[in-house]
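What follows is one structure encoded as structure tokens, with my remarks underneath.
The values are calculated or read from the model by the stated rules, or taken from the named source; none is laboratory data. It should be emphasised that the depicted structure is a prediction, and the values quoted were computed from it without experimental measurement. Quick reminder, even Gly has a Cβ in these numbers, built from the backbone with ideal geometry, and neighbours come from all protein chains shown. Please note that ligands, DNA and RNA were not included when accessible areas were found on the heavy atoms of the full protein model with its side chains. Shrake-Rupley method; radii C 1.70, N 1.55, O 1.52, S 1.80 Å.
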Amino acid sequence: MILDLHTHSVRSDDGRAKVDNYCQWIRKKELPLDGMVLTEHRQWDDTSDYRDLEDRYGLVILKASEVETDYGHVLVFGVNEDLVNSFDFARIDNPLPEVLAAAERCGAFAAPCHPGRRNVGLFAHYERKGVVDAVHTVEVLNGGSIPGEDELSVEKAAEHGYRGFGGSDSHIVSRIGFCATEFDDTVTDIDGLVAALYGGRFRAVSLREPV
Amino acid sequence: MSDTEGTEPASTEVQEAKAKYVGFVFDTATFTAEQDKMLAWAESVGETDPRFTDPSNPDFQAHPTFTASLVSRRVLPEDFPKIGGPRGIDGGKAVVIQQPIRPGDRLKASATIADIYEKTGRSGTMTFIVQRMSFVNQNDEPVSMVDWKMIRNP
Amino acid sequence: MLFEDVELGDELPAEHPDISMERVVEFTKAAHMNFPRFTDHEFARKEGLPGALVPGIMSQALLATMIHRWAPGCRILSLDTVFRGHVVVGTTPTISGAVTDVDDDERVVEVDLTLTAEDGRTGVMGTAKVAFSA
């Protein structure tokens, strides 16, 4: 199955997409997505409930977070109360090793996103501050990348032996599904997603229309 | 301009600035909607709708985002701290159109700070200062609201 | 375009707006923005820019114009744009849009909007709410 692991809704400061409209768009455009993960910026959204939309559109809709660290932005899947109390999701300078350790300790899965991006990508910081040993997986395809960024992500991920996944990083409706992740196993809930990510049986896919 | 704009600020100086300045009117200004400027604006962007290009049209009015160019004398409150760094970038404008603006309309604008927050991006650490201009016409009817995202970075 | 014919997923006809120096100078005069970074390539390059830049609010107005051509007589209720990258004066950008929400009760649609610079990078991204008359 294919999930877009990196999307933003109106709950993010720069997000302009309503989740209902993402669902309608996926169905209307017949995108090969089975669902999406909402990764709102610098917060854990513990209030939104998308189960009705899941049922109405037959899509998996999960919630996660995009946090900011001293090594760039990081997606955290499987956020729970313990993790929310482990570090400040609103900060823009959380130490990456602490975020990765907290995620593992709390049964979540954390991985840097758009690692080939200037300033907010992992590999830009590797050049200046060295490698972080606890990193194991990165987002190698990101729908918001400019030319050269994903190429760098793929190249460096291979160099470091990291697994790679994909996400659109959509902030408006029509950009969902540009990139996504194909899983060998079926994922229906957040625990299943965390297990599938730790299991490693997935790959990044680009679904962009040819230019 | 979503209703969830902004997040909890990260640094103390941003927190303090947010508490002190958000929501308070720090400047006012008046403008007259000049027909020739309205027309020149519409023509320069290739508009073809006669409501915006033909002054003899009974519904002639300013192009929807015309107020985006109208700024108060002060961009920020007089004693606003130098947060975020010296570099300034125009991050974007969000315009809400409430009523058509007609030639000769006298617009009164009030300027407030709508939000202050920090995030990181390709440009590094960015402090967002959202300045809001609210416009009413000579009949005190709201005509437009413009949110201007000013980005400051080191 | 009539409201009854609008469907979620519809694409607005893409355009290549005129952002020649002549047009930009005209706009900056109307918008009280007569600064050399918008109207003087050499000055802009000395500031480290790739050339004179199209003002963000001019790009925003170009998007409004596209909406008016797509749905004559419509009323734009809001236009929210993020200025993401440089759009250089005298180049050939592409503006495009797509319908992402249709409110049958209010006769209001939402559209996603993009201005793509000649080099393929996103210059402006945004959304608009557009009302159709009854």
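Some observations on this one:
- For the criterion of being modelled with pLDDT under 95 and either more than 9 Å from every other protein chain (Cβ to nearest Cβ) or surrounded by fewer than 22 Cβ atoms within 10 Å (Cβ to Cβ) (or both), residue C:121 passes.
- Number of residues in region A:55-65 that are in contact with a strand residue (DSSP E or B) (Cβ under 8 Å, 6 or more places away or on another chain) and without any contact (Cβ under 8 Å) to a residue 12 or more places away in the chain equals 0.
- Verdict on residue A:111 being within 23 Å of residue A:199 (Cβ to Cβ) and either touching a Lys or Arg at 6+ places or on another chain (Cβ under 8 Å) or small (Gly, Ala, Ser) (or both): yes
A quick yes/no check of all residues on (1) open to solvent by less than 20 Å² (accessible area, probe 1.4 Å); (2) farther than 17 Å from residue C:82 by Cβ; (3) out of contact with any strand residue (DSSP E or B) (no Cβ under 8 Å at 6 or more places or on another chain); (4) within 13 Å of chain C (Cβ to nearest Cβ):
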position: B:75; (1), (2), (3), (4): no, yes, no, no
position: B:83; (1), (2), (3), (4): yes, yes, no, no
position: B:110; (1), (2), (3), (4): no, yes, no, no
position: B:116; (1), (2), (3), (4): yes, yes, no, no
position: B:129; (1), (2), (3), (4): yes, no, no, no
position: B:135; (1), (2), (3), (4): yes, yes, no, no
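- Between B:27, B:90, the distinction of being among the acidic types (Asp, Glu) and open to solvent by 40 Å² or more (accessible area, probe 1.4 Å) belongs to B:90 only.
- Some residue of region A:3-21 being free of Cβ contacts under 8 Å to residues at least 40 places away in the same chain and among the basic types (Lys, Arg): yes
- Residue count, region C:82-116 (criterion: farther than 21 Å from residue C:129 by Cβ, open to solvent by 30 Å² or more (accessible area, probe 1.4 Å) and part of a loop (DSSP other than H, G, I, E, B)): 5
- In region C:41-81, of all residues being outside any helix (DSSP H, G or I) and acidic (Asp, Glu), the one that is least open to solvent (accessible area, probe 1.4 Å) corresponds to C:80.
- Some residue of region C:2-10 being within 12 Å of chain B (Cβ to nearest Cβ), of a type outside the set (Val, Ile, Thr), open to solvent by 50 Å² or more (accessible area, probe 1.4 Å) and in contact (Cβ under 8 Å) with a residue 24 or more places away in the chain: no
- When region A:6-23 is limited to residues that are in contact with a strand residue (DSSP E or B) (Cβ under 8 Å, 6 or more places away or on another chain) and β-branched (Val, Ile, Thr), the one that is surrounded by the most Cβ atoms within 10 Å (Cβ to Cβ) turns out to be A:7.
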